Amino acid sequence: MLNKTFDNDKVVTNNESSENSDAVIQPTYYDKTIHNEVEGIKVESNYLRGTITDSLKNPITGSVANDDLMLIKFHGIYQQDDRDLRNERRKQKLEPLYSFMIRARVPGGVATAKQYLQMAELATQYSSGSLRLTTRQAYQWHGVFKRNLKTTIAGINGSMLDTIAACGDVNRNVMCNPMPETSSVHEEVFEWTQKISEHLLPKSKAYHEIWLDGKKVESTDEPIYGQTYLPRKFKIAVAIPPYNDVDVYANDLGFIAVVENEKLVGFNVVVGGGMGSTHGDQSTYPRVASLIGFCELDQVLAVAENVVKVQRDFGNREIRRLARLKYTIDRLGLDTFKKKLYAYQGFELQPASAFEFLHNGDRYGWFQDEKNQWHLTLYIHSGRIIDSQNSKLFSGLLEIAKIHRGEFRISPNQNMIISNVTSESKNAIEKLLTEYQISIGENETPTRLNSLACVAFPTCTLAMAEAERYLPTFIEKIEAILEKYKVADWPINIRMTGCPNGCARPFLGEIGLVGKAPGKYNLYLGASHTGDRLNRLYRENINESQILEVLEPILENFSQQCLVNESFGDFVVRKKIVAAVNNGLDFHVAV
Ligand code: SRM
Ligand code: SF4
């Protein structure tokens, strides 16, 4: 493939065999004869401005102009419509009930109690009354109407958070282990997370102009991204072993902390992870990231920037479906990718240090750290903070935020950690939890606590089947089977998504259910409990009773024949129920 580089009308040809990055300081890759439509929208957008301001003013429709649909993502916004109401509105000859989902960028998922309070208040005023914690430690507001978009975004900025690059073809929210009590180097690792996030932010002033009525600044440089930004989204996570709660292997780039004598000395680096795939298209596949070496602390930002730049220059800009870094790496070959990276960054990585992950779930309940501060991990079903008949979760957390002096930390498993609580305020928080019927998960089975579901219906435009709304019912049925075979207290990690894009990282679930059509799922088995091995398709397009029928005998065998401490994922591989998938390219191979 040939990428053409247009830089101020001077055309530079950037052939894949070239390893010289100096030619491309602020590149724009665009050739409309070969590149996809989104590349054109980015080029024409004047650094992400497009016609968003006009779209917001247009009173005729609740939506924005077509090209702006893509550009608002770079500002952390998606246009959606209520899919439950689609048919009814069509019958009434009304346009769909358009509204917007806003996603905040929250590196490592950390917000102060005051920030949380402000975000919850915005949810009450402008969204559908719930806050959604995401699988990448961010906050989402659903159901914000166009007329309220600017006020809501200004409110988020007023709390000193923002929505820049929460979506779009740029580096997204950088994830980090959210549990300060688990490591003496946690604070330092979190600071690196923030630095990486800041370093890779787009520099365009469009966001401030459009949403915060900032002064117009005509020319903008994007020294890292250039005018066409990246070919596709880009994701980074930072893990602290033995916890892989961030699912580091599902990211384009991962940093794994290396600690020696209680000191952070650097990071192991993994590249090329991702979950997204398309049903029936074998050229797409999930992939766990490959370990490529170790970098010292003063090399972290250079590694992050240059992995991004290699992807910028060699990622596929013709076919968006194949544009993620995982495909770039598999197309180039890992060795060639490494060579390019070393040429770009000007140094080689050192051999990776040894490390071990124990699991990719959360620890629930209260924990005290070495400074005597308390941290409480609350189980939040699918990250949805909402009041219901059984629990006044939204109102309770709001009240807690009013008295809490520490932070609220989102876990990558969509849970909430009330963090840095003093012994004095612990009692007051416990009282509020009781008053608002908020359980800390003590009555839930380990399988429920280890389950994840993406948003899916009614807001996700890409959903083919239910996930968040259906998972509780499904888990109940699995719990009944586990109870029957007396293994209800064994954790099995179940992940469900409404489509194969993989937002709840279903291909790393020991049981993965991926929506195919309403009420129908593909069933995947055999991922590891530590997040470093993918699962494999076991049955296709089956409904609930078929899924339970297939799973019951396997779970029964598991209860009788598993080895001590053997996880369900390892069991199904050992028993050859599915063959292990050690490499994304292997994912579709029939065995
Ligand atoms: Fe995702 C698209 C929700 C994490 C892979 N994802 C979407 C959209 C925006 C649908 C759309 O494009 O119109 C969903 C909005 C639903 C809604 O109503 O809120 C959506 N993704 C989510 C969230 C909210 C799921 C959740 O239940 O928490 C997560 C938000 C994360 C964040 O804060 O940034 C979310 N998405 C993920 C993850 C998990 C991760 O990153 O660790 C993945 C798999 C990892 C990966 O990227 O490979 C993921 N989302 C996708 C993809 C497939 C990308 C691909 O490579 O093919 C899409 C579709 C796309 O980009 O075209 C997508
Ligand atoms: Fe939507 Fe599919 Fe992502 Fe679920 S996995 S939120 S259905 S895009």
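Taking into account only those residues within the range 395-424 that are acidic (Asp, Glu) and out of contact with any strand residue (DSSP E or B) (no Cβ under 8 Å at 6 or more places or on another chain), which is farthest from ligand 2 (Cβ to nearest atom)?
Among those residues, the one meeting the criterion is 424.
Any idea how many residues of the range 145-168 are away from ligand 1 (no atom under 16 Å from the Cβ) and assigned to a loop (DSSP other than H, G, I, E, B)?
Of the residues in the range 145-168, 2 are away from ligand 1 (no atom under 16 Å from the Cβ) and assigned to a loop (DSSP other than H, G, I, E, B).
Can you tell me which condition residue 29 does not meet? The list is (1) out of contact with any strand residue (DSSP E or B) (no Cβ under 6 Å at 6 or more places or on another chain); (2) crowded, with 23+ Cβ neighbours inside 10 Å; (3) modelled with pLDDT under 95; (4) not basic (Lys, Arg), and all the others hold.
So residue 29 meets the others, but not (1).
Against the condition of a type in the set (A, V, I, L, M, F, W, C), within 16 Å of ligand 1 (Cβ to nearest atom) and surrounded by fewer than 17 Cβ atoms within 10 Å (Cβ to Cβ), how does residue 319 come out, does it pass? Working first, answer last.
Working: of a type in the set (A, V, I, L, M, F, W, C): yes; within 16 Å of ligand 1 (Cβ to nearest atom): yes; surrounded by fewer than 17 Cβ atoms within 10 Å (Cβ to Cβ): yes.
When the stated conditions are applied, residue 319 passes them.
Take the residues in the range 129-188 that are farther than 30 Å from residue 259 by Cα and of a type in the set (Asp, Glu); name whichever of them is farthest from the chain's Cα centre (by Cα).
162
Given the condition closer than 18 Å to residue 388 by Cβ and within 16 Å of ligand 1 (Cβ to nearest atom), answer yes or no: does some residue in the range 416-438 qualify?
Step one: filter the range 416-438 for residues closer than 18 Å to residue 388 by Cβ, giving 416, 432-438.
So of that shortlist, the ones also within 16 Å of ligand 1 (Cβ to nearest atom) come out as 416.
Among the residues of the range 416-438, at least one is closer than 18 Å to residue 388 by Cβ and within 16 Å of ligand 1 (Cβ to nearest atom), which makes the answer yes.
Any chance the range 478-491 includes a residue that's within 14 Å of ligand 1 (Cβ to nearest atom) and either among the small types (Gly, Ala, Ser) or modelled with pLDDT under 95 (or both)? Before you say what the answer is, go through the steps one by one.
Restricting attention to the range 478-491, the residues satisfying the condition of being within 14 Å of ligand 1 (Cβ to nearest atom) are none.
Checked the range 478-491: no residue is within 14 Å of ligand 1 (Cβ to nearest atom) and either among the small types (Gly, Ala, Ser) or modelled with pLDDT under 95 (or both).
Within the range 236-281, track down each residue that is over 17 Å from residue 532 (Cα atoms), part of a loop (DSSP other than H, G, I, E, B) and within 15 Å of ligand 1 (Cβ to nearest atom).
277, 279, 280 - these are the residues of the range 236-281 that are over 17 Å from residue 532 (Cα atoms), part of a loop (DSSP other than H, G, I, E, B) and within 15 Å of ligand 1 (Cβ to nearest atom).
Identify all residues within the range 487-503 that are assigned to a strand (DSSP E or B) and within 6 Å of ligand 2 (Cβ to nearest atom); write none if there are none. Explain how you work it out, then say what you get.
Start the filter on the range 487-503 by keeping residues that are assigned to a strand (DSSP E or B), which leaves 494-497.
The one that is assigned to a strand (DSSP E or B) and within 6 Å of ligand 2 (Cβ to nearest atom): 497.
Can you confirm whether residue 516 is within 16 Å of ligand 2 (Cβ to nearest atom), in contact with an Asp or Glu (Cβ under 9 Å, 6 or more places away or on another chain) and at pLDDT 95 or above?
Values: within 16 Å of ligand 2 (Cβ to nearest atom): yes; in contact with an Asp or Glu (Cβ under 9 Å, 6 or more places away or on another chain): yes; at pLDDT 95 or above: yes.
The answer is yes for residue 516.
Whether any residue in the range 535-552 is more than 16 Å from residue 465 (Cα to Cα) and within 16 Å of ligand 1 (Cβ to nearest atom) is what I want to check.
yes
From the list 358, 397, which residue is exposed (fewer than 15 other Cβ atoms within 10 Å of the Cβ), in contact (Cβ under 8 Å) with a residue 40 or more places away in the chain, within 28 Å of residue 495 (Cβ to Cβ) and among the hydrophobic types (A, V, I, L, M, F, W, C)?
Numbers: 397 fails: exposed (fewer than 15 other Cβ atoms within 10 Å of the Cβ).
Just a single option satisfies the conditions, and that option is 358.
If residue 552 passes every condition in (1) closer than 24 Å to residue 277 by Cα; (2) over 29 Å from the mean Cα position of the chain (by Cα); (3) of a type outside the set (Phe, Trp, Tyr) but one, which one does it miss?
(1)
Just need a number here: residues in the range 485-509 that are in contact (Cβ under 8 Å) with a residue 60 or more places away in the chain and under 16 Å from residue 569 (Cα atoms).
Selection size over the range 485-509: 9.
Table: residues versus (1) within 16 Å of ligand 2 (Cβ to nearest atom); (2) surrounded by fewer than 24 Cβ atoms within 10 Å (Cβ to Cβ); (3) assigned to a loop (DSSP other than H, G, I, E, B); (4) modelled with pLDDT under 95.
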| position | (1), (2), (3), (4) |
| --- | --- |
| 219 | no, yes, yes, yes |
| 224 | no, yes, yes, no |
| 229 | no, no, yes, no |
| 291 | no, yes, no, no |
| 294 | no, yes, no, no |
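Give me a count of the residues in the range 54-69 that are surrounded by fewer than 19 Cβ atoms within 10 Å (Cβ to Cβ), under 19 Å from residue 205 (Cβ atoms) and within 28 Å of the chain's Cα centre (by Cα).
1
Can you name every residue in the range 456-481 that is away from ligand 2 (no atom under 12 Å from the Cβ) and of a type outside the set (Lys, Arg)?
Let us first name the residues in the range 456-481 that are away from ligand 2 (no atom under 12 Å from the Cβ), namely 472-481.
Within the range 456-481, 472, 473, 474, 475, 476, 478, 479, 480, 481 meet the criteria.
Please enumerate the residues belonging to the range 506-544 that are among the acidic types (Asp, Glu) and either buried (at least 24 other Cβ atoms within 10 Å of the Cβ) or in a strand (DSSP E or B) (or both).
Across the range 506-544, the qualifying residues are 510, 540.
Output the number of the condition that residue 442 fails; it satisfies all remaining conditions of (1) surrounded by 15 or more Cβ atoms within 10 Å (Cβ to Cβ); (2) more than 13 Å from ligand 1 (Cβ to nearest atom); (3) over 30 Å from residue 545 (Cβ atoms); (4) touching a residue at least 40 places away in the same chain (Cβ under 8 Å).
Only one criterion is unmet by residue 442, namely (1).
Is at least one residue of the range 449-468 more than 16 Å from ligand 1 (Cβ to nearest atom), in contact (Cβ under 8 Å) with a residue 24 or more places away in the chain and not in a loop (DSSP other than H, G, I, E, B)? Working first, answer last.
Quick first cut of the range 449-468, residues more than 16 Å from ligand 1 (Cβ to nearest atom) only: 449.
Checking the rest, the ones that are also in contact (Cβ under 8 Å) with a residue 24 or more places away in the chain come to 449.
In the following step, the residues that additionally are not in a loop (DSSP other than H, G, I, E, B) were identified as 449.
Yes, some residue in the range 449-468 is more than 16 Å from ligand 1 (Cβ to nearest atom), in contact (Cβ under 8 Å) with a residue 24 or more places away in the chain and not in a loop (DSSP other than H, G, I, E, B).
The values are calculated or read from the model by the stated rules, or taken from the named source; none is laboratory data. Model, not experiment: these values are computed from the prediction. Cβ atoms come from the backbone with ideal geometry, glycine included; neighbour counts cover every protein chain shown.
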